[in-house]
């Protein structure tokens, strides 16, 4: 005897080896043995064999028109065998019944499971919404696959431009770009940073390290608001020296200097002059607030 039954959320077929009360010892087509309770049995039949049933139902299930099947189904709860008679006509054989049961069970968007072998078709508005969502996911999967293919070919997808730093340092792991980058990195055996340099998303390794430093130490950016710099508190003495810095003409922050002064006794005094910007910042003023917020 052969059985069609539910086990572990799936519909399976197997050959009965023995029966003990309300339970069957069943061998699956792959050779594995399992214990099946009678309440989980959907069909009992002599022919075809379980192996042949699985083969035949695979082809039939793929041919079932789910939209038409949904239209054939009643609005109220029904059994799969009843719908098989409606879909295939009276006298649907075991193979057709099993194929339809597998189609119902494997398409929860169209049909909701209400019990062992019993289902109910989804309301029309919910079905349309679910199918639209599936179509969106399908299109997104195609876009993601295209992104991944371009990255594998060492080409930066157009949609990545302007997003590379965010993908590397503050990624949205649910985005198509991140998923494509992660898949490409896995396939190529590369880190995201190396891949982005290789495809031109980052100009150079140096630019990458600078961007990483700024992302970690200056997450709010490197721009500062215009503020009025207050005069230093108190009178600061002026050194009677000629100081000079060792910087080139492109230097924008001259913050240290040297001086050499001849003393009256002929000796030389070497001065090392270090800028002290804190002397121009008062506790609680605008510069102090910015420094506290941007401290790194």
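The values are calculated or read from the model by the stated rules, or taken from the named source; none is laboratory data. Note that the structure is predicted; figures quoted are calculated from it, not measured. Virtual Cβ from ideal backbone geometry, glycine too; neighbours counted across all protein chains shown.
For residue 223, state whether it is loosely packed, with under 10 Cβ neighbours inside 10 Å and closer than 30 Å to residue 170 by Cα. Let's see the steps before the verdict.
Details: loosely packed, with under 10 Cβ neighbours inside 10 Å: yes; closer than 30 Å to residue 170 by Cα: yes.
Yes, satisfied.
Taking each residue of the stretch 210-222 that is part of a loop (DSSP other than H, G, I, E, B) and looking for partners that are exposed (fewer than 11 other Cβ atoms within 10 Å of the Cβ) with beta-carbon atoms closer than 8 Å, six or more apart or interchain, yields 218/296; 220/293.
Test residue 132 against the stated conditions and say whether it is under 20 Å from residue 68 (Cα atoms), loosely packed, with under 13 Cβ neighbours inside 10 Å and at pLDDT below 90. Spell out how you get there, then give the answer.
Values: under 20 Å from residue 68 (Cα atoms): yes; loosely packed, with under 13 Cβ neighbours inside 10 Å: yes; at pLDDT below 90: no.
The answer is no for residue 132.
Would you mind finding the one in 268, 258, 238, 263 that is surrounded by 11 or more Cβ atoms within 10 Å (Cβ to Cβ) and either in contact with a strand residue (DSSP E or B) (Cβ under 9 Å, 6 or more places away or on another chain) or over 30 Å from residue 166 (Cβ atoms) (or both)? Step through it out loud before you land on a result.
Details: 268 fails: surrounded by 11 or more Cβ atoms within 10 Å (Cβ to Cβ); 238 fails: surrounded by 11 or more Cβ atoms within 10 Å (Cβ to Cβ); 263 fails: surrounded by 11 or more Cβ atoms within 10 Å (Cβ to Cβ).
When all the criteria are applied, what remains is 258.
Scanning the stretch 269-296 for residues that are part of a helix (DSSP H, G or I) and closer than 17 Å to residue 226 by Cβ yields 280, 286, 287, 288, 289, 290, 291, 293.
Check 179, 173, 96 and return the single one that is surrounded by 15 or more Cβ atoms within 10 Å (Cβ to Cβ) and either part of a loop (DSSP other than H, G, I, E, B) or outside the structural domain of residue 8 (by TED's automatic domain parsing) (or both).
Details: 173 fails: surrounded by 15 or more Cβ atoms within 10 Å (Cβ to Cβ); 96 fails: either part of a loop (DSSP other than H, G, I, E, B) or outside the structural domain of residue 8 (by TED's automatic domain parsing) (or both).
After applying the criteria, what remains is 179.
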